[in-house]
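Below: one structure, written as structure tokens.
The values are calculated or read from the model by the stated rules, or taken from the named source; none is laboratory data. In this text, all values refer to a predicted model and were calculated from it rather than measured experimentally. So basically every Cβ, Gly included, is an ideal-geometry build from the backbone, and we count neighbours across all protein chains shown.
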Amino acid sequence: MTFHGTTIIAVRKDGRTALGGDGQVTIGDTVVKGQATKVRALKGGKVLAGFAGSVADALTLYEKFEEKLDRHPANLPRAAVELAKDWRSDRVLRRLEALLVVADREHIFLLSGGGELIEPDDGIMAVGSGGNFALAAARALLPEDGRNAAEIVRRSLEIAADICVFTNRSITVLELD
């Protein structure tokens, strides 16, 4: 499932986790907003989340995910599993058109309405129309000395913006220590 107008990427390196997204919103092939914020910190800054897809659907998913985090505090894997189960089985939620990337200090997950709950092997997860470009860039940058997780996220999004017409350079990066 690919969503146009969005690139979200999360990177974990050296005990730090960063998540970022571009700010472009499109309807069809028209840019309707250039400085949207598609990433946010949840639970007092202990969890990061970013979305690709419909804004209204993503806001619904943020709300549902926060409910799961309230029920399972300090247990991102359990909260993610519970949201994925609800998302797949609930008739209303199943129609939501969005993907979520969520992260804490130890985990990064991709969640979807199809029941996917994926944790990357290499500490990098990217989604959206520029996701594959950002993912490739981050994988190339990860072993370089001197770049931290936030710098890799920012540079990967810049590279994706140079390649993907649905990604822009209005970048928001959030980081957990």
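Restricted to the range 13-67, and to residues that are hydroxyl-bearing (Ser, Thr, Tyr) and touching an Asp or Glu at 6+ places or on another chain (Cβ under 9 Å), which residue is modelled with the highest pLDDT?
Pass one, the range 13-67, residues hydroxyl-bearing (Ser, Thr, Tyr): 17, 26, 30, 37, 54, 60, 62.
Checking the rest, the ones that are also touching an Asp or Glu at 6+ places or on another chain (Cβ under 9 Å) come to 17, 54.
On the way: THR17: 97, SER54: 79.
Among them, the one singled out is THR17.
When you check LEU96 against the structure, is it in a loop (DSSP other than H, G, I, E, B) and more than 30 Å from LEU142 (Cα to Cα), yes or no?
Numbers: in a loop (DSSP other than H, G, I, E, B): yes; more than 30 Å from LEU142 (Cα to Cα): yes.
For LEU96, the condition - in a loop (DSSP other than H, G, I, E, B) and more than 30 Å from LEU142 (Cα to Cα) - is met.
Filter the range 42-66 down to the residues that are surrounded by 13 or more Cβ atoms within 10 Å (Cβ to Cβ), in a helix (DSSP H, G or I) and of a type outside the set (A, V, I, L, M, F, W, C) and list them by number.
Selection gives ASP57, THR60, TYR62, LYS64, GLU66.
For residues in the range 14-28 being over 13 Å from LEU100 (Cβ atoms) and in a strand (DSSP E or B), which is nearest to the chain's Cα centre (by Cα)?
The initial filter retains those residues of the range 14-28 that are over 13 Å from LEU100 (Cβ atoms), namely 14-18, 20, 22-28.
From the residues that got through so far, the ones that are in a strand (DSSP E or B) too are 16-18, 20, 25-27.
On the way: ARG16: 16, THR17: 12, ALA18: 10, GLY20: 7, VAL25: 15, THR26: 18, ILE27: 20 Å.
Among those that are over 13 Å from LEU100 (Cβ atoms) and in a strand (DSSP E or B), it is GLY20.
Given the criteria surrounded by 15 or more Cβ atoms within 10 Å (Cβ to Cβ), over 15 Å from GLY128 (Cα atoms) and more than 13 Å from the chain's Cα centre (by Cα), does ARG88 qualify?
On the way: surrounded by 15 or more Cβ atoms within 10 Å (Cβ to Cβ): yes; over 15 Å from GLY128 (Cα atoms): yes; more than 13 Å from the chain's Cα centre (by Cα): yes.
Criteria met by ARG88.
State the number of residues belonging to the range 91-113 that are crowded, with 16+ Cβ neighbours inside 10 Å, in contact (Cβ under 8 Å) with a residue 40 or more places away in the chain and under 20 Å from ASP177 (Cα atoms).
Looking only at that region, the number is 5.
Of everything in the range 140-157, what is buried (at least 16 other Cβ atoms within 10 Å of the Cβ) and in a helix (DSSP H, G or I)? Give them in sequence order.
Of the residues in the range 140-157, the ones buried (at least 16 other Cβ atoms within 10 Å of the Cβ) are 141-142, 147, 149-157.
Residues satisfying the conditions are LEU141, ALA149, ALA150, GLU151, ILE152, VAL153, ARG154, ARG155, SER156, LEU157.
Name the residues in the range 42-66 that are on the phi > 0 side of the Ramachandran plot and either over 13 Å from the mean Cα position of the chain (by Cα) or among the hydroxyl-bearing types (Ser, Thr, Tyr) (or both), would you?
Our first condition is that a residue be on the phi > 0 side of the Ramachandran plot; within the range 42-66, this holds for 43-45, 53.
The answer is LYS43, GLY44, GLY45.
So, ASP22, is that one surrounded by 19 or more Cβ atoms within 10 Å (Cβ to Cβ), of a type in the set (D, E, K, R), over 17 Å from LEU157 (Cα atoms) and in contact with a strand residue (DSSP E or B) (Cβ under 6 Å, 6 or more places away or on another chain) or not?
Numbers: surrounded by 19 or more Cβ atoms within 10 Å (Cβ to Cβ): yes; of a type in the set (D, E, K, R): yes; over 17 Å from LEU157 (Cα atoms): no; in contact with a strand residue (DSSP E or B) (Cβ under 6 Å, 6 or more places away or on another chain): yes.
It is false that ASP22 is surrounded by 19 or more Cβ atoms within 10 Å (Cβ to Cβ), of a type in the set (D, E, K, R), over 17 Å from LEU157 (Cα atoms) and in contact with a strand residue (DSSP E or B) (Cβ under 6 Å, 6 or more places away or on another chain).
Quick one: what pairs do we get from the range 114-130, first residue surrounded by 16 or more Cβ atoms within 10 Å (Cβ to Cβ) and part of a strand (DSSP E or B), second at pLDDT 95 or above and basic (Lys, Arg), C-beta under 7 Å, 6+ apart or different chains?
Cβ pairs passing all conditions: ILE124/ARG139.
Any idea which residue in the range 29-41 is nearest to HIS107 (Cα to Cα), counting only those that are in a loop (DSSP other than H, G, I, E, B) and over 13 Å from the mean Cα position of the chain (by Cα)? Outline the logic, then answer.
To start, the set of residues in the range 29-41 that are in a loop (DSSP other than H, G, I, E, B) comprises 29, 34-38.
With the extra rule that they be over 13 Å from the mean Cα position of the chain (by Cα), the set shrinks to 29, 34-36.
Working: ASP29: 34, GLY34: 30, GLN35: 28, ALA36: 25 Å.
Looking at the filtered set, the residue picked out is ALA36.
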